[in-house]
Amino acid sequence: MDNIRTLVILGASGDLTARLLLPGLGSLLDLQPEREITIVGSARDDFPGPLGPDDDVRAGTWEETVAKAFASVGATGPAVERAQRETHWVSCDVTEAADLEKLLGDVVGPVCLYFALAPAITKKACAALAELDSLPEDLYLALEKPVGTDLASARALNAQVGQLVDEQHTFRVDHFLGMPGVLDIVGLRFANRLFEPLWDRRHVESIEIVFDETLALEGRGEFYDSTGAARDMLQSHLLQVMALTMMDPPSRFDAVEVPANTAHILRATRLWDEESTMHAAEHPGITPVVRGRYTAGTTGGHDVPDYAEEKDVDPQRETETFVQVTLEVDTWRWNGVPVTLRSGKAIGNPAQHIRVTFRRPPHEYKGWPHPLAPDVLSVGFEEEHVQLETNVGSPFDSRGMNRLTLSSGVPEPGLTAYGSVMRWILDGDPTFTVRADATEEGWRIIDLIQNAYDTCAPLQEYPAGSAGPRVK
């Protein structure tokens, strides 16, 4: 694997770069003072600067933006100083082959082109790259998710990328895979003898992956109203977290096995069949798809207007701000286990966790509580904690049967989620990338969900600040 020496951010004038990419890179450089990296910011025009205090004007230089982003995470040291000293801006129209040829001719490899761009622009940029007579041998491409906007466009974009570089030189970025809470699941499963022997349909009753937010639209109407909760959160993030949580144990953690094992999970994923005799008997009352849209209310101490009245929203689209989907991974290991993914905006008491509920003991004792509460393991996404709920005591104890919660925080992460992404990219290590076919399977699953919208999942309304729409 090559250590990347030049990172070129295409579309670097956007919010993603200043808010997430550069602070993440800063956290990495602070942790690894020996690393040498040149950052090249690029967009069609001269750098317009970050948003100013009025939020409607641009001010500052690219170099100042880099320095401010690094300072926001307290990044200091030799690597930070070198990166700030050597960073520069190049105006480049990524849809023009001549501009890209000039851009690539001026960089020192190995080099990574990071597409911080909308899928449609990324597609045009890849077409322009294909026009060049030659590409650097040590070129990596990093594509910010979503890859495409539907199954057909994802296939087309993956085919384009595959003509430029091989899979080992391709990063399809999902920063949720870099969240410390998600990586905790990897350690819990594969660095202990306790959980992995129980990690299958014989012992697991259900799995829940939830990322609810108090935030409402926050001025993102133009983007969000054409996207919705399922495409924004399930396709881009929660399906990938599910795949990592449920994948078979790899023989090694490398860029071949982990992406292959997670892709295998998505390929086997389908909507929960509520009419199945077995499903109805073991898990009655599950509704496979529920969607909703918030109305006026109060959340996070702020008054929130009706979504349908937000700026840049077309109420006739019926864009969902809440989605809950129950899936089944139809494999030998997981058949029959309901997996619930949920994400909602303007939720009053949000949950953000991976939660595994284990089956109850197979034998009941006379005089014991019935039914016994199951053992539950949960790991938080952002408020990072690991929690195990289990039973202690017995009817023979004067205190009776009690519920014990074992909860622990973990050491403060040295990297942000995007810091982990930057480390993987700069090390040339796509172990936690999303393989091409996995992105396509994600869109296939989204198609199943959106077909259910039209047949059995009418849009419900819920007040901002509530728990979301009614779920059977």
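Given 0.36 nm per residue, what is the gain on full extension from residue 63 to residue 226 after removing their alpha carbon distance, in nm?
55.3 nm
In what order, largest first, do 366, 311 sit by accessible area if the probe radius is 1.4 Å? Before the final figure, lay out each step's value.
Numbers: 366 205, 311 160 Å².
The ordering from most to least exposed comes out as 366, 311.
Per residue of the chain, what 222 nm ellipticity follows from adding -39500 (n - 2.57) for every DSSP H run with n ≥ 4, rounded to the nearest 500?
Counting only the DSSP helices, I get -8500 deg cm²/dmol.
Using the crude model of +1 on Lys and Arg Cβ and -1 on Asp and Glu Cβ, and no other charge, please compute the dipole size for segment 6-144 relative to its Cα centre, in debye to 20.
Details: 10 positive and 23 negative charges, 60 e Å.
Rounded to the nearest 20 debye, it is 280 debye.
Once label points are set 7 Å from the Cα along Cα→Cβ at both residue 317 and residue 296, what is their separation, rounded to one decimal in nm?
Result for the modelled spin labels: 2.3 nm.
Dipole magnitude of the chain about its Cα centre, charges +1 at Lys/Arg Cβ and -1 at Asp/Glu Cβ only, in debye to the nearest 20?
On the way: 41 positive and 72 negative charges, 333 e Å.
Around 1600 debye, computed over the chain.
In segment 366-383, whose amide N lies under 11 Å from the spot 7 Å out along Cα-to-Cβ of residue 401? List them in ranges.
366-374
Work out how much length residue 360 to residue 281 would gain on full extension: take 0.36 nm times their residue separation and subtract the Cα-Cα distance, in nm to one decimal. Show your work: numbers first, answer last.
Values: separation 79, 0.36 × 79 = 28.44 nm, distance 1.62 nm.
Net length gain for the segment: 26.8 nm.
With labels modelled as points extended 7 Å from the Cα through the Cβ direction, what inter-label distance (nm, one decimal) is found for residue 254 paired with residue 152?
My value for the distance between the label points is 3.9 nm.
Counting only heavy atoms of protein chains, what accessible area per residue, in Å², does the chain have with a probe of 1.4 Å?
Ligands and nucleic acids excluded, the result is 46 Å² per residue.
Based on the Cβ-Cβ distance of residue 85 and residue 131, what FRET efficiency does E = 1/(1 + (r/R0)^6) give at R0 = 35 Å, to the nearest 0.05?
That gives a FRET efficiency of 0.55.
Select from 83, 22, 12 the residue farthest towards the positive end of the dipole of segment 6-144; place +1 on Cβ of Lys and Arg, -1 on Cβ of Asp and Glu, and compute about the Cα centre.
22
Percent of accessible area on segment 316-472 owned by carbon and sulfur, 1.4 Å probe? Can you show the working numbers first?
Numbers: 3710 of 7600 Å².
The C+S portion of the solvent-accessible surface of segment 316-472 is 49 percent.
Count the net charge of all other residues whose Cβ sits under 12 Å from the Cβ of residue 72, scoring Lys and Arg as +1 and Asp and Glu as -1.
Working: positive: 19, 68; negative: 30.
In short, +1.
Please report the carbon-and-sulfur percent of the accessible area for segment 6-144; probe 1.4 Å, protein heavy atoms only, DNA, RNA and ligands left out. Walk me through the intermediate numbers first.
Working: 3100 of 6320 Å².
Summing carbon and sulfur atoms, their accessible area is 49 percent of the total for segment 6-144.
Could you tell me how far the Cα centroid of segment 395-472 sits from the Cα centroid of segment 122-142, in Å?
33
Which of 408, 431, 457 sits closest to the plus end of the dipole of segment 397-472, meaning its Cα is farthest towards the positive end, when Lys and Arg get +1 and Asp and Glu get -1 on the C-beta?
408
The values are calculated or read from the model by the stated rules, or taken from the named source; none is laboratory data. Quick caveat, the model's predicted, so the values are computed rather than measured. Using ideal geometry, Cβ is built from the backbone for each residue, glycine included, and neighbour counts are taken over all protein chains shown. These area figures cover heavy atoms from the full protein model, side chains too; ligands, DNA and RNA do not enter into them. Shrake-Rupley method; radii C 1.70, N 1.55, O 1.52, S 1.80 Å.
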